[in-house]
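S.K.: Quick one: the structure is below, questions incoming.
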Amino acid sequence: MKRDRRIVVQVTENQKRAIRKNAQRLGLSVSELMRQAAKSLVPARDPEDIAGLLDRVKASTRQAGAALDETAVFVAESNRRIEAMATRKGIL
């Protein structure tokens, strides 16, 4: 992909020096450093997106709770069966 567009960024002399120094330390050109930095910054999610995620978390939490309740009932019934078998065999 041809890189033929410019973006001019106003910085102080100290900021420019720091950017150049960081690029040099990373073995990158200033342009590549700026491209990578721009790609790494992601804006916060939209509140509607977050609300949707929360709804999904709540739903999955309810499902997980129901599954745990079912498992607890199954384990309790299983323990009763084991106890009954052990009692019949004189183990308990």
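Derivation of every value follows stated rules applied to the coordinates shown; laboratory data play no part. On a predicted model such as this, the values are computed, not experimentally measured, just so you know. Counting neighbours? That spans all protein chains shown, and the Cβs are built from the backbone with ideal geometry, glycine included.
S.K.: Return the Cα extents of region 1-42 along principal axes one, two and three, sorted largest first, each rounded to a whole Å.
M.R.: 31, 22, 22
S.K.: Mind checking the chain for trypsin sites (Lys or Arg not before Pro) that DSSP puts in a loop (not H, G, I, E or B) and that have at most 13 other Cβ atoms within 10 Å?
M.R.: Lys2, Arg3, Arg5, Arg6, Arg45, Lys89
S.K.: Same structure, new question: For the chain, I need the span (max minus min coordinate) of the C-alpha atoms along each principal axis, in Å, sorted largest to smallest.
M.R.: 87, 33, 31
S.K.: Quick check for me: using +1 on Lys/Arg Cβ and -1 on Asp/Glu Cβ, what's the dipole size of the chain about its Cα centre, in debye to the nearest 20?
M.R.: In debye, rounded to 20, the chain gives about 800.
S.K.: Also: Calculate for the chain the 222 nm mean residue ellipticity that helices alone would give, adding -39,500 (n - 2.57) per DSSP H run of length 4 or more and normalising by residue count, nearest 500 deg cm²/dmol.
M.R.: -25500 deg cm²/dmol
S.K.: Rounded to the nearest 0.05, what FRET efficiency do Val57 and Leu26 have when you use their Cβ-Cβ distance and R0 = 41 Å?
M.R.: Approximately 0.65, to the nearest 0.05.
S.K.: A further question follows. Can you tell me the length gained on complete extension of the stretch Ile19 to Ile82, counting 0.36 nm per residue apart and subtracting the Cα distance?
M.R.: Stretched fully, the Ile19-Ile82 segment lengthens by 15.6 nm.
S.K.: Apply the Karplus curve 6.51 cos²θ - 1.76 cosθ + 1.60, θ = phi - 60°, to the phi angles in region 63-69 and return the couplings in whole Hz, x for Gly and Pro.
M.R.: So the Karplus estimates, Gly and Pro as x, are 5, 5, x, 5, 5, 5, 4 Hz.
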